[in-house]
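Worksheet: the structure to be examined is printed underneath.
The values are calculated or read from the model by the stated rules, or taken from the named source; none is laboratory data. In this text, all values refer to a predicted model and were calculated from it rather than measured experimentally. Quick reminder, even Gly has a Cβ in these numbers, built from the backbone with ideal geometry, and neighbours come from all protein chains shown.
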Amino acid sequence: MTTIAFIGLGNMGNPMAANLVKAGHAVTGFDLVADSLATAEKNGVAVAANAGAAIEGADVVITMLPAGKHVLSVYADLAPKAKKGALFIDSSTIDVDSARKAHAIAAEHGLLSIDAPVSGGTGGAAAGTLTFMAGGSRDAFALAEPVLKPMAGRIVHCGDAGAGQAAKICNNMILGISMIGVGEAFVLAEKLGLSHQALFDVASTSSGQCWSLTTYCPVPGPVPNSPANRDYKPGFAAALMLKDLKLAQEAAQSAGAVTPLGAEATQLYALFNAQGHGGTDFSGIIRFLRGEAG
Ligand code: NAD
């Protein structure tokens, strides 16, 4: 049993903390929202009055927060108060520069840390099948791995500080671009009188094959579980896709990488969001490509 503090008990944090409780860990949590705390309590998480109280005696501090500024402010608050030798794990999706700053704050206070963003969404969080992409030292990763296990389907050590966030945004940039490519192909097929099923049958076993087509097909029919079959209810909301594409663009600028298709995908998802579709699954961008969404 490990004593764990969990800061940020939202859509992802709450089910993740619940899986740590189920695995027999002593989990104390804190969130700014009272409803989130009430849900956590029902799941067996001990609720603290503030973040400082939540980390008292904790061997591991996990954060699951909206953005880099929240993570940096929580790290600045908590690192000086943490138990000697505590491990800090940040599973939020944040920009690579902030992730590296968070590692530096932990190191200043003699703490080990890893960035460990996830993919798998709220379904994966509830099922304990998230993929964790970890960045940090070998020692920090060795300590983190058994703690992450009850929440994980797969855990990959991607490299040093920030490498987990780098892997996450590179992967999601591929996803955003490929979904637009698959959507455009279906729209072209429709104009050419080619059925969705015929395009799927050919492309899914040809060189056009990709996850956006075969797991998350953006038209109803060929892949019965894809969000297109339930009117594009997420799934993975377009607002979150836009967040990740923007993080990829920030990182590309900061690192001097040329990513013109990533930039274009960011603009298209920004327009889709601006039309009020942030809560739609990101595969719903096909409607925008058809000129339907508005
Ligand atoms: P969420 O908004 O539901 O949860 C974030 C929680 O953090 C909120 O409950 C908020 O009250 C809390 N919070 C903010 N500042 C705080 C502070 N100073 N102290 C304590 N609590 C604080 O968001 P989410 O969907 O749970 O996502 C969390 C992170 O995981 C984000 O970075 C997101 O990009 C990433 N993520 C989300 C998904 C998904 O499908 N929802 C998938 C992968 C990654």
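Points worth noting:
- Residue within segment 179-196 that is outside any helix (DSSP H, G or I) and surrounded by 14 or more Cβ atoms within 10 Å (Cβ to Cβ) present: yes
- Out of Ile177, Ile94, Ile155, one residue alone is farther than 22 Å from Leu245 by Cα and in contact with a helix residue (DSSP H, G or I) (Cβ under 6 Å, 6 or more places away or on another chain). It is Ile155.
- For Val223, the conditions (1) modelled with pLDDT of 95 or more; (2) closer than 28 Å to Asp95 by Cα; (3) of a type in the set (A, V, I, L, M, F, W, C) are fulfilled apart from (2).
- Some residue of segment 1-17 being more than 20 Å from the chain's Cα centre (by Cα) and part of a loop (DSSP other than H, G, I, E, B): yes
- Condition check for Ile105: among the aliphatic types (A, V, I, L, M), part of a helix (DSSP H, G or I), at pLDDT 95 or above and within 16 Å of the ligand (Cβ to nearest atom): yes
- In segment 267-285, the qualifying residues are those that are surrounded by fewer than 23 Cβ atoms within 10 Å (Cβ to Cβ) and in contact with a Gly (Cβ under 8 Å, 6 or more places away or on another chain), and the one that is farthest from Ile180 (Cα to Cα) is Gln275.
- Test for Ala255: is it of a type in the set (Gly, Ala, Ser), surrounded by fewer than 21 Cβ atoms within 10 Å (Cβ to Cβ) and under 13 Å from Gly176 (Cα atoms): no
- Filter result for Gly57 (in the same structural domain as Leu148 (by TED's automatic domain parsing) and more than 11 Å from the ligand (Cβ to nearest atom)): yes
- Residues satisfying the stated conditions in segment 108-126, i.e. within 16 Å of the ligand (Cβ to nearest atom), small (Gly, Ala, Ser) and in contact (Cβ under 8 Å) with a residue 24 or more places away in the chain: Ala116, Ser119, Gly120, Gly121, Gly124, Ala125, Ala126
- Subset of segment 83-102 [in a loop (DSSP other than H, G, I, E, B) and within 15 Å of the ligand (Cβ to nearest atom)]: Ser91, Ser92, Thr93, Ile94, Asp95
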